[in-house]
Amino acid sequence: MGFRLFPEQASTISFEVDHLLYFLLAVAIFFTVLIFCAIIFFSIRYRRRSDRELPHAVHGGLPLEIAWSVIPFGLTMVMFTWGASVFFKESRPPDNAMQIYVVAKQWMWKLQHIEGQREINELHIPVGRPVRLTMTSEDVIHSFFVPAFRTKQDVLPGRYTTTWFQAVKPGKYHLFCAEYCGTKHSGMIGWIYAMEPRDYEAWLSGGRAMGSLAENGEKLFDDLACGNCHKPDGSGRCPNLVGLYGKNVQLASGAVVKADEAYIRESILQPTAKIVAGYQPLMPTFQGLVTEEGVLQLVEYIKSLGEKPGVPEGSGVTPALNREVPNTQATRPSNATSTPRNR
Amino acid sequence: MASEVHVETLAVREQFDTASQQKNASTLGMWVFLITEIMFFGGMFLAYTAYRSWYPNVFGAASRTLNATIGAINTAVLLCSSYTMVLAVRAGQLGRRKTIMLFLVLTIILGFVFLGIKGYEWWEKFEEHHVPGASFHLEGTPLQGQAQLFFSLYFAMTGLHALHMVVGVGIMSYLLYQTYVGKYTAEYYTPIDVGGLYWHFVDIIWIYLFPLLYLIDRHGPKP
Amino acid sequence: MNASYGIKSWLFTKDHKRIALLYLATITFFFFIGGIFATLIRIELLTPKGDLVSSDTYNKLFTMHGVIMVFFFLIPSIPATLGNFFIPMMIGARDLAFPRINLLSWYLLVIGGLFAIFAMVAGGVDTGWTFYTPYSTSYSNTWVIATALGIFIAGFSSILTGLNFIVTVHTMRAPGMTWFRLPLMVWSNYATSLIQVLGTPVLAITMVLVFCERTFHIGIFDPALGGDPVLFQHLFWFYSHPAVYIMVLPGMGVISELISVYSRKAVFGYGFVAFSSVAIAVLGFLVWGHHLFVSGQSLYAGMVFSFLSYFVAIPSAIKVFNWTATLYKGSISFATPMLYAFGFIGLFTIGGLTGLFVAALGIDVHVTDTYFVIAHFHYIMVGGTLMAYLGGLHYWWPKITGRMYPEGWAKLSALIIFLGFNLTFFPQFILGYLGMPRRYHAYSDEFQVLHVLSTAGASVLAVGYLLPAIYFVWSLRYGQVAGANPWKATGLEWQTPSPPPPHNFEETPVVTHDAYDYSTTVGEVIEVG
Amino acid sequence: MSERTEHVDSVATYTIVWVSLLIATAVTSAVAFIDLGPFSVVVALAIAVLKMLLVALFFMHVRHSTKLTRLVVMGGLMWLGILITLSMADFITRGWIGVPGK
Amino acid sequence: MAENRDTHDEREVELPEIERPGVHHEEKDVNVWAVGKFAIALVLICIAALFLLFGLFRYFQAREAALQPPPRGGVNVDARRLPPSPRLQDAPILDLKQMRDAEDQILGSYGWVDRQGGIVRIPIDRAIDLLAQRGLPARPQAGPQSAAADVSVPTESGLGPKMMPPGGPLSSSGLK
Ligand code: HEA
Ligand code: HEA
Ligand code: CUA
Ligand SMILES: [Cu+2]
């Protein structure tokens, strides 16, 4: 961090805030220069040459007064509306933001990811994903301030407050406490580490080889006990998922749908929306129990069931997945069989 | 000319030109002071409004433990004292020294009655463990913090009001003494007038405190 | 003024002029105390590490700097010294409406100040001048209550001064002195008095509630009991935003006088400037939530307060334009008071325009609680009001003391102050936008260059303030004797001898001219313009 | 020597006002026991305002006072209104965007 | 008495004006009605502003809602679940108080420790008294204080092995 005159722009909102700043600067510089020049010019041009001078009174006019009231008023209304617009964006996290919990205390920040990782005074986040912080304080008021992201939100005891940001480039950014909180208020600082998504996944899994989405999906499949119902041999009251992806599925309503990513996703989050013919609506919803990543991983895993090894479905990244997903070259799920689905 | 300018009487002090001017100035000054008092109490009215809007049920339950009858009696006492006060002012306008003193004494007595009743109420609250602090407990709700908040506001607001009453009684006593030694006449009774304004103002504060503290949700929640 | 001698004649005086001088001594004392704290702060901030003083001490330093400078110096400054001295004279009265209450105001300021000094000496207070809860009520173990008590008492000093001015201006103007013939100094101080009377009581009750919360744990600001820390902020800022207008409006009144005298012209748009003063006072009560934008206040309330904040900027804009227009076709003198007036207009413009920055919700999220805000308000309070105060002191010095100050030294000081000020506080705008938080004892290395510049400026500034202290005292004995009206100013105060006699006027003046009619004071005339 | 006049109200006037105030107190106490839903607050405050007006206009002589005095009184009430209204604009609009803290 | 005559009438009392000779003041004061109109206008503008800003608020809300990325596959994931335990404490002092209260409860009460084995617990004050009465054995045996070997000695960090219920002090007696 060397000496600089302008902070880094590291989040999606930084640009908007800075544009507003430029506008305000332009207005401010304009009026400053105007007033300074007017004063200097008038005072020199009309300087007193003799102590016996008596200037004529210059009578003010209503039009002039109105003009220099209305024009600044118009400018201020622009400032207000623009500022409010940016503020609204800064305040309302996108619906698909990933969640981080923050507890502030004198004089440290404690953060926890949904997956369980806890950090002190540091926060690792992926670039390109909106991150939403739900924060509270154990004692006095603190404030979560990341200058590079242009975000700040006071953290209050007994209450949750929220802030959000989306990093646009990897880097290490200051985190400051911005509400006076006692002795070590100036020591309540830390770092935000924005990382490429792949690196973030690596960090999240403790640095081990992170595996593909499908491998993680398999783990999640076990964690969530999907296998209790969806047995690989297709027995039981639940459909076999092996080879499901890409097949046409007959629904209880009589319609036939193709089992693409969207269908699989919906089956996990809203299973009663489309009931498979011949089965009871027994499947519980996993809404609220699985993150966005989790759904992606499960979908990838299910896609990988029944695949012939080495032949990935489609080439490269499928459109339904977003850019930050690491490569999806199929790898062999460890316990999949290539038994074709029985229907 | 110059020397006459600097002679001072009670009715026309040095800085004033006429008795009317002085009276107008004094009256305006007391009114301005009263609006500072409105803003002084106003902060607590805000706290009350905010917390009542957040915790209506707990505040209602807590309010019902106050004795509305005693509150109403106290309100009546204070209104009577305003009546006697304005009659004292009227007597001042007419320059009747003995009448002024009579009504001032009545006002003071009623003021003491009010304070006495208030003291009794507070003692009752103390007995019922409704005083905020370590031994606070309000039956019937797990939300002890919020209930305690009601009582904190109750004691703070009625306490500040009672303090103003005490000051008021002190002012009345001073006016009583000054009347006794004959300082006031029909031409100059301004201190009584202005003291009256203060007294009535304290009454008005109570006129608001009574319904806000005692009468909210008095009918209780729906069964 | 030299009517009687002896300490008792001063301590029991009813003469508004003597009371003004008592105030002058008191606030100068507090200014230097606050300034010493500022100096220590700036020296500590020379280096990124906290090495000069401990964290706790630094926290006490900025708290006490803010408290002393705001409550015991700037709020009383112009109204209680220049206002007290000249308002009765400007309206043609012999004294204020309630002289003994005026004296009581001074005593209250001194007593409040003694409590604040006690708190300082006994160990200090470290809550910030804003006393945010729950830190100040449940966590700080410093002298919070003593300081709160000092502020409470000083608040009543302010209320009584305001009350006095309001009643005086309404009831004691000389014959012919209608409202629209009043000097703009009177209008500004009247508007200030409105704020003092309506806003300060809320500060008083807030301090009482802090005391109750701290002592009895009543829970009003404690979330564990259902209370809300943001309620404290609403109550505090309901006063403290109008308070900043208490701090600037009298300065604006002085500037109106100075611009007029030293251009020898009536203030352009007199009526507009007068109305703007009152408009600032009234509108200033509608905007306090702009200090709570990121505090947990609702988004809607944030929008309301931001919107209203832009309304209050317009009257200030009107004034700046009118002052500048007054110079047009005037006869401009560069006497020291005029230099201070120019400084005020320029620096108030910059400070006020940056107020527009922080009033914008989107920007404030980034710059709140950083040095940007510090720079914003120091520009207005120091670059603005303090310069206006110095300008007014220089302008009225001959009338108050009968002596002139040394013009050469005065001009030099004004220049030093201007340069030192900008060097101190302009880098702080950059620091703030970079993200340097306020109230930081130690900071990240990359901020150091700007901090060094700021401290360098502060040293220059200190010299600039020291000089007037010296030469004003010097001039009491050795300054050139001044006549009744060395500046050929209008205004009833210039029609009395210098210094004025105890009851100001032997005969009540009768006013027949508008406020700034220089044809009455400039003797032999060369018409220009 | 000029004259100035003062308005002296009669004892009867004051007595009527006093009795009205006592009646209003009784009414407000009694009405409090009736469940009027949200209007309970409105009625209670309305009666309080009426009582305040009676005390101010008659006992405090605002009835006979200068326009300036009346302006001062209304100004004070308006200022209290500003404090409460704008602060409540925060307290009752929290959570409008469904995000904790705003 | 004069009182009787005037109790029922309103009147005007004439008083001599007391004046100081040679001095006067201006009688005309502010135009109250003009100020009043300004105040009313201000109130109306404020109320209008509150409504206007509400409208703007709704506009921004709609704008942001429209800008949300459509949930992929038609269903939006509401991922607001909580992290696994151990979770961040936001009020550790309350948790500590709870734990201490639970410990105090155990320390201060009678109860069965092992019904079949015939082991009970008694309040610690009582235990101290008993120990003081009966005393400790005069001769130390295999280990120190073997008479107390069957007693679990609570310390700052816990209740001791015999007393501590499995799962910690919070696990028993219905405390959460
Ligand atoms: C004398 C004191 C003074 C004055 C006059 C002002 C004036 C203004 N202030 Fe400032 N302010 C403070 C002292 C002052 N302030 C202090 C002490 C704090 C911080 C307290 C703390 O937290 O410790 C603060 C903080 C503060 C904040 C909160 C920042 C934060 O903490 O996040 C805000 C936000 O709206 C604000 C806004 C304004 C505005 C809009 C004005 C306006 O009134 C300014 C109007 C002036 C102009 C606009 C310039 C002149 C006009 C022109 C040259 C014409 C062109 C104009 C237009 C285009 C409109 N101020
Ligand atoms: C009201 C007026 C006022 C004035 C005039 C000043 C004047 C100054 N202020 Fe201050 N300031 C505040 C009000 C004011 N300030 C407030 C309210 C805060 C916020 C507090 C908080 O956050 O809680 C603040 C905070 C503040 C900070 C931020 C601290 C932080 O956030 O960590 C800084 C940092 O530079 C600062 C600097 C200065 C400087 C250099 C001056 C200079 O202008 C000072 C000039 C120097 C002198 C006047 C000294 C001159 C004389 C001598 C050295 C000789 C001594 C002689 C004798 C004893 C005979 N101020
Ligand atoms: Cu936490 Cu400052
Ligand atoms: Cu402000």
### Task
Being closer than 25 Å to C:VAL230 by Cβ, within 14 Å of chain E (Cβ to nearest Cβ) and surrounded by 23 or more Cβ atoms within 10 Å (Cβ to Cβ) is the filter here, so list the residues in the stretch C:125-174 that pass it.
C:PRO134
### Task
Check whether at least one residue in the stretch C:102-124 is in contact with a His (Cβ under 9 Å, 6 or more places away or on another chain) and open to solvent by less than 10 Å² (accessible area, probe 1.4 Å), and report yes or no.
yes
## Note on the structure
Exactly one of A:ALA209, A:ALA214 is more than 16 Å from ligand 1 (Cβ to nearest atom), at pLDDT below 85, open to solvent by less than 20 Å² (accessible area, probe 1.4 Å) and of a type in the set (A, V, I, L, M), and that residue is A:ALA214
#### Entry: Scope the stretch C:29-72; condition away from chain A (no Cβ under 13 Å) and open to solvent by 50 Å² or more (accessible area, probe 1.4 Å); matching residues
C:PHE29, C:PHE32, C:ILE36, C:THR39, C:LEU40, C:ILE43, C:LEU46, C:LEU52
## Note on the structure
For the stretch C:211-231, the count of residues that are in contact (Cβ under 8 Å) with a residue 24 or more places away in the chain, more than 9 Å from chain A (Cβ to nearest Cβ) and of a type outside the set (Asp, Glu) equals 5
### Query
Any residue at all in the stretch C:272-280 that is hydrophobic (A, V, I, L, M, F, W, C), within 16 Å of ligand 2 (Cβ to nearest atom) and more than 18 Å from the chain's Cα centre (by Cα)?
no
### Message
Just to be sure I understand the filter: pairs with C-beta atoms under 9 Å, separated by 6 or more residues or on different chains, first member in the stretch C:28-42 and over 12 Å from C:VAL382 (Cα atoms) and free of Cβ contacts under 8 Å to residues at least 24 places away in the same chain, second member open to solvent by less than 30 Å² (accessible area, probe 1.4 Å) and within 16 Å of ligand 3 (Cβ to nearest atom). Which pairs pass?
### Response
C:LEU40/C:TYR58
### Message
Among the numbered criteria (1) of a type outside the set (Val, Ile, Thr); (2) buried (at least 20 other Cβ atoms within 10 Å of the Cβ); (3) under 26 Å from C:TYR433 (Cβ atoms), which one does A:PHE30 miss?
### Response
(2)
### Task
Could you grab me the full set of residues in the stretch A:82-98 that are more than 9 Å from chain C (Cβ to nearest Cβ) and free of Cβ contacts under 8 Å to residues at least 12 places away in the same chain?
A:ASP95
### Query
When the stretch C:287-302 is examined, which residues are found to be aliphatic (A, V, I, L, M) and within 16 Å of ligand 3 (Cβ to nearest atom)?
C:VAL294
### Task
Taking C:SER256 as meeting all but one of (1) within 16 Å of ligand 4 (Cβ to nearest atom); (2) crowded, with 24+ Cβ neighbours inside 10 Å; (3) under 25 Å from the mean Cα position of the chain (by Cα), write down the number of the exception.
(1)
## Note on the structure
Only one of C:ILE75, C:ILE87 is within 14 Å of chain B (Cβ to nearest Cβ) and in a helix (DSSP H, G or I), namely C:ILE87
### Task
Just give me the residues in the stretch D:12-25 being surrounded by 13 or more Cβ atoms within 10 Å (Cβ to Cβ) and more than 7 Å from chain B (Cβ to nearest Cβ), in sequence order.
D:THR13, D:THR15, D:ILE16, D:VAL17, D:SER20, D:ALA24
### Query
Do we find that C:LYS329 is more than 16 Å from ligand 2 (Cβ to nearest atom), open to solvent by 10 Å² or more (accessible area, probe 1.4 Å), outside any helix (DSSP H, G or I) and among the charged types (D, E, K, R) in this structure?
yes
### Task
Please indicate, with yes or no, whether at least one residue in the stretch A:99-113 is away from ligand 4 (no atom under 16 Å from the Cβ), touching a Pro at 6+ places or on another chain (Cβ under 8 Å), open to solvent by less than 20 Å² (accessible area, probe 1.4 Å) and in the same structural domain as A:THR162 (by TED's automatic domain parsing).
yes
### Task
Collect the residues in the stretch C:387-399 that are aliphatic (A, V, I, L, M) and open to solvent by 10 Å² or more (accessible area, probe 1.4 Å), keeping them in residue-number order.
C:LEU390, C:LEU393
### Task
Considering each residue of the stretch A:126-141, count those that are under 30 Å from C:THR142 (Cα atoms) and open to solvent by 10 Å² or more (accessible area, probe 1.4 Å), and give that number.
2
### Message
Can you find, within the stretch C:208-224, the residue that is farthest from ligand 1 (Cβ to nearest atom) among those that are in a helix (DSSP H, G or I) and surrounded by fewer than 22 Cβ atoms within 10 Å (Cβ to Cβ)?
### Response
C:PHE216
### Output for the stretch A:156-181, where each listed residue is at pLDDT 95 or above, within 13 Å of ligand 3 (Cβ to nearest atom) and either farther than 20 Å from C:SER444 by Cα or in contact with a Pro (Cβ under 8 Å, 6 or more places away or on another chain) (or both)
A:PHE176, A:CYS177, A:ALA178
### Query
When residues of the stretch A:142-174 are filtered for being at the interface with chain C (Cβ under 7 Å from one of its Cβ atoms) and either free of Cβ contacts under 8 Å to residues at least 40 places away in the same chain or surrounded by fewer than 24 Cβ atoms within 10 Å (Cβ to Cβ) (or both), how many remain?
12
### Message
Residues that are surrounded by fewer than 24 Cβ atoms within 10 Å (Cβ to Cβ), away from ligand 2 (no atom under 16 Å from the Cβ) and more than 7 Å from every other protein chain (Cβ to nearest Cβ): does the stretch C:232-244 have at least one?
### Response
no
#### Entry: Qualifying residues in the stretch C:296-324 (those that are more than 7 Å from chain A (Cβ to nearest Cβ) and of a type in the set (A, V, I, L, M)) - the one nearest to ligand 1 (Cβ to nearest atom)
C:VAL312
### Task
Can you tell me which residue among C:LYS265, C:LYS319 is assigned to a helix (DSSP H, G or I) and either charged (D, E, K, R) or within 16 Å of ligand 2 (Cβ to nearest atom) (or both)?
C:LYS319
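The values are calculated or read from the model by the stated rules, or taken from the named source; none is laboratory data. It should be emphasised that the depicted structure is a prediction, and the values quoted were computed from it without experimental measurement. Glycine gets a Cβ as well: all are built from the backbone with ideal geometry, and neighbour counts include every protein chain shown. Each accessible area value is taken on the protein alone, full model and side chains, heavy atoms only, with ligands, DNA and RNA left out. Shrake-Rupley method; radii C 1.70, N 1.55, O 1.52, S 1.80 Å.
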